[in-house]
1. Could you work out how far apart the two model spin labels at ALA319 and ALA51 are, taking each label as a point 7 Å from the Cα in the direction of the beta carbon, and quote it in nm?
2. Could you tell me the distance between the Cα centroids of the stretch 113-139 and the stretch 29-80, to the nearest Å?
3. When only C-alpha pairs under 8 Å and at least 6 residues apart count, what is the relative contact order of the chain, in percent?
4. With a ≥ b ≥ c the root eigenvalues of the C-alpha gyration tensor of the chain, is it rounded (a/c under 1.5), prolate (a/b larger than b/c) or oblate?
5. Full-extension gain between ALA13 and GLU140, please, as 0.36 nm times their residue separation minus the C-alpha to C-alpha distance.
6. Enter the mean projected area of the convex hull around the alpha-carbon atoms of the stretch 147-288, in nm², rounded to one decimal.
7. Have a look at THR78, THR103, THR288 and tell me which one the Gaussian network model of the chain (Cα, springs below 10 Å) gives the largest fluctuation.
8. With the dipole of the stretch 147-288 worked out from charges on the C-beta (+1 for Lys and Arg, -1 for Asp and Glu) around the Cα centre, which of GLY177, ALA201, TRP215 lies farthest toward the positive end?
Amino acid sequence: MVTIPFRDPYVDAVLPPDVVRVGSPADPSPWLDPAYLAERSADVDVLHLHAGSGQLAPDGLECWSEAVRRLGIPLVVTVHQVRAADRPARDPHDADLGAVLATAEVVLTLTPGAADEIADRFGRTAIVVAHPSVAEPDPELGAERGLVGLRLGRASSEAPEPVELVRAALSGAVSGGGRLRVLAAGADDAAVDPAVRDLAAQGDIELVPYPEARWVAQLQQLHVAVLPERCGTHSRDLEICRDVGTRVVAPGWGWFADQWSDVVTYGHDEDGGLDPVSLSGAVAAALTRPMPRPEDRGWRTAQREAIRRVHAEVYEQVAADRRWT
């Protein structure tokens with residue numbers, strides 16, 4: 001079978017052990033090229049699209065969906081983002097998502113709220129399959145009580161108000177008796193707003209780089225992690241925090257609180273923007289709660305096996321349907 005992307009922590013976690021992936025691990029996936037797909041369609045029993053289609057040109061996903069239909073390749077789609085955090089214009093994303101959902105034999109998503117939204121907006125029924133574990137806590141690594149972490153990159157459609165986010169999170173951290181660590185792509189990188197660097201120089205915040213290879217450890221060291229997205233649907237970072245025992249403060253927008261009931265929400269969405277007062281209050285409230293325990297590994301392992309069985313059943317069914325057509 002083909003997965004797009006070829007390899008990814010989520011994809012690796014949900015794939016049944018006997019599934020054989022074909023094609024290249026290149027990024028972007030060559031399977032997003034209709035010509036490449038047509039040349040190799042006979043090699044594909046099932047095509048499962050998770051992410052990566054945002055790298056296509058405008059209208060590219062609609063053309064790709066038409067090619068999938070024409071070739072008769074069974075398509076399974078997991079909707080990770082009903083509303084894409086990295087695409088500021090809603091209409092193009094909706095058109096792309098509508099095209100693949102209209103083509104898909106089976107639609108999966110991660111939460112009941114997202115499934116309801118997909119049904120309301122696109123008229124498709126989605127099977128809800130929980131997000132699996134994608135990390136394990138390091139038993140040698142401790143967390144610092146009162147330490148709040150905020151991941152920050154360039155101002156973007158995902159987090160367009162970085163300085164306001166930092167100031168609001170800092171206010172909440174101080175009110176709750178803690179301190180704020182800003183996790184940046186590089187502490188001296190030009191991507192860090194000068195006002196944020198000034199706060200670090202004054203000693204108000206800690207500004208540290210986050211190497212991706214150490215990201216799970218960075219999250220495990222925190223008491224509270226703030227998710228900065230103003231739009232989006234689900235979060236892998238939230239699941240990592242759940243696995244390692246870090247409390248999450250997340251926007252009330254999307255379905256973050258559907259992923260894990262132990263989430264403190266604040267106001268941040270694409271229509272109203274950031275509500276800094278609610279973010280400060282959410283951070284302070286989160287610090288008054290004890291650190292959550294890391295999720296039980298036995299339960300998470302059993303959950304992942306159940307998720308893989310669902311995927312195996314879906315793949316078997318759509319592949320069988322193709323053989324009989």
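Since every read-out is calculated from the coordinates, none of them should be taken as a lab result. Note that the structure is a prediction, hence the values are computed from the model and not measured. Counting neighbours? That spans all protein chains shown, and the Cβs are built from the backbone with ideal geometry, glycine included.
1. Computed distance between label sites ALA319 and ALA51 equals 2.6 nm.
2. 21
3. 18
4. Here the chain falls in the prolate category.
5. The span from ALA13 to GLU140 would gain 43.3 nm if fully extended.
6. For the Cα atoms of the stretch 147-288, the hull's average projected area reads 7.4 nm².
7. THR288
8. The Cα lying farthest towards the positive end belongs to GLY177.
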